[in-house]
Amino acid sequence: MSTGVADPFRFFSLQVVRTKRLGPSLVRVTFGGPDLRDFRSDGCDQSLSLFLPHPGQSEPQVPIELGDHWWQGWRALPDDVRAVMRSYTLRALRRDPDEIDIDFVLHGVEAGAAVPAGPASRWAARAAAGDRVLLLGPAIADNRAIRFRPPEDTDLMVIWGDETAVPAAAAILESLPAGTRARVWLEVHHAEDIQDLVTEADAEVTWLVEDESRGEVPHRLKGVGGAPIPMALAALRATQLPPAEHPYVWIAGESSCVKQLRRHFVGERGIDRRRVTFVGYWRQGLTEEQLREQGE
Ligand SMILES: Cc1cc2nc3c(=O)[nH]c(=O)nc-3n(C[C@H](O)[C@H](O)[C@H](O)COP(=O)(O)OP(=O)(O)OC[C@H]3O[C@@H](n4cnc5c(N)ncnc54)[C@H](O)[C@@H]3O)c2cc1C
């Protein structure tokens, strides 16, 4: 994602229109505002940067009046003033009226949670109509914050995501044309987080539920040395994928799970690494700021 405001990304000033609880771990927040007229996206796993206010602030603090220099100005603001910047996925874009949906995982907000909630999860849990946010998002539909790019000759899509990537996987599935073969593994915390997915593709979707996996397959958060293990790894190793000459793999979610699955597809299954798109959406034990600092 660009850190400047040059095309194709720009700031959009939005307000919460409504929220809808999709399950114990997921809330859909619908945003609207006149700025959305200029918002364009081809969807799929379109990522966005969301800027959220701190508790007590009426709007997020980002010096967008500095134009291309907003980033330096934003970084210079005190920690408790500077808007919280987090990455999310466009779940849906509608017109008349202009609205977008973002689905937030509510991690750490339940009583007695092992890891305290981050600011975005906390914000989403309390979001209400009228709340203001800023979005750094696309003004050009085909942009580089869409990573899902299957080569034209793809004859099998293989998709894995944890609950943070369910919105992207759901949007990807909605975009696939009839006749596309897809094998999909999605991991969620609770059975009530399972959603009905809409697709014309010939897709076989397997939901893996952490609550139900205890004692059967390795628990996602109890790997060797504390590193999470994707529940899908055991399932995948035991699965014969449908025969395909040109598979394309898309994996997104917790970083070390993504790494292990990439190794499985490239190392164990011999899939051409250029046909594997992998994106770490979060890392166990690190906030998004800490993750970004490591990448800088
Ligand atoms: C391209 C991209 C697209 C994304 N799309 C979505 C999306 O559509 N919906 C969505 O919910 N998330 C999405 N994410 C993930 C989201 O940005 C992170 O989960 C983010 O860390 C949440 O911010 P926070 O302020 O709640 O927690 P942070 O302050 O960043 O982290 C606080 C603590 O919580 C832990 N943590 C962070 N996320 C989770 C989690 N999901 N489960 C358990 N512990 C967690 C961290 O390791 C840390 O210990 C996406 C990330 C990327 C990079």
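List the equivalent ellipsoid semi-axes of the range 155-210 in whole Å, largest first, each obtained as the square root of 5λ for an eigenvalue λ of the Cα gyration tensor.
Values for the range 155-210, descending: 20, 10, 9 Å.
Normalised by the number of residues in the chain, what is the relative contact order in percent for Cα pairs under 8 Å and 6+ residues apart?
18
Mind checking the range 101-166 for trypsin sites (Lys or Arg not before Pro) that DSSP puts in a loop (not H, G, I, E or B) and that have at most 15 other Cβ atoms within 10 Å?
Passing sites in the range 101-166 are Arg144, Arg147.
How large, in percent, is the carbon and sulfur part of the accessible surface of the range 42-81 at a probe radius of 1.4 Å?
Answer for the range 42-81: carbon and sulfur cover 52 percent of the accessible area.
With a cut-off of at most 13 other beta carbons within 10 Å, and DSSP calling the residue loop, which GluC sites (Glu not before Pro) in the range 116-201 qualify? Please list them.
The qualifying sites are Glu152, Glu200.
Once neighbouring chains are kept in place and the probe is 1.4 Å, which whole percent of the accessible area of the range 91-133 is contributed by carbon and sulfur?
53
Mind listing which GluC sites (Glu not before Pro) in the range 243-291 are in a DSSP loop and have 12 or fewer other Cβ atoms within 10 Å?
Glu245
How much of the accessible area of the range 156-282, probe 1.4 Å, is carbon plus sulfur, in whole percent?
51
Just how far, in whole angstrom, is the range 119-168 from the range 233-280 if you go by their alpha carbon centroids?
20
When all protein chains stay in place, what accessible area (Å², nearest 10, 1.4 Å probe) is found for Asp202?
Accessible area, nearest 10 Å²: 100 Å².
Give me the percent of DSSP beta bridges within the chain that run antiparallel, rounded to the nearest 5.
Looking only at bridges with both residues in the chain, the antiparallel portion is about 55 percent.
So for the range 9-143, Kirkwood radius off the Cα pairs, Stokes-Einstein at 37 °C and 0.692 mPa s: how many µm² s⁻¹?
Here the translational diffusion coefficient equals 213 µm²/s.
Report the extension gain between Asp196 and Glu293 in nm, rounded to one decimal, defined as 0.36 nm multiplied by the number of residues separating them, less their alpha carbon distance.
This chain segment gains 31.2 nm when fully extended.
Near Pro151, within a Cβ-to-Cβ distance under 12 Å, what is the net charge of the other residues, with Lys and Arg +1 and Asp and Glu -1?
So the surrounding residues net to -2.
Give the Debye-formula value of log10 I(q)/I(0) at each listed q (0.07, 0.08, 0.17 Å⁻¹), with one equal scatterer per alpha carbon of the chain, two decimals each.
Taken in order of the listed q values, log10 I(q)/I(0) reads -0.26, -0.35, -1.57.
Run the 1.4 Å probe and let me know the accessible area of His246, rounded to the nearest 10 Å².
We get 70 Å² for His246.
Given the -39500 (n - 2.57) contribution per DSSP H run of 4+ residues, what per-residue ellipticity at 222 nm results for the chain, rounded to the nearest 500 deg cm²/dmol?
It comes out at -4500 deg cm²/dmol, rounded to the nearest 500.
Tell me the Kirkwood hydrodynamic radius of the range 102-187 in angstroms, computed as one over the mean inverse distance between distinct C-alpha pairs.
15.9
The values are calculated or read from the model by the stated rules, or taken from the named source; none is laboratory data. These numbers come from a predicted model, not from an experiment. Because the Cβ atoms are built from the backbone with ideal geometry, glycine has one as well, and the counts that use them run over all protein chains shown. Calculation scope for accessible area: heavy atoms of the full protein, side chains included, ligands and nucleic acids excluded. Shrake-Rupley method; radii C 1.70, N 1.55, O 1.52, S 1.80 Å.
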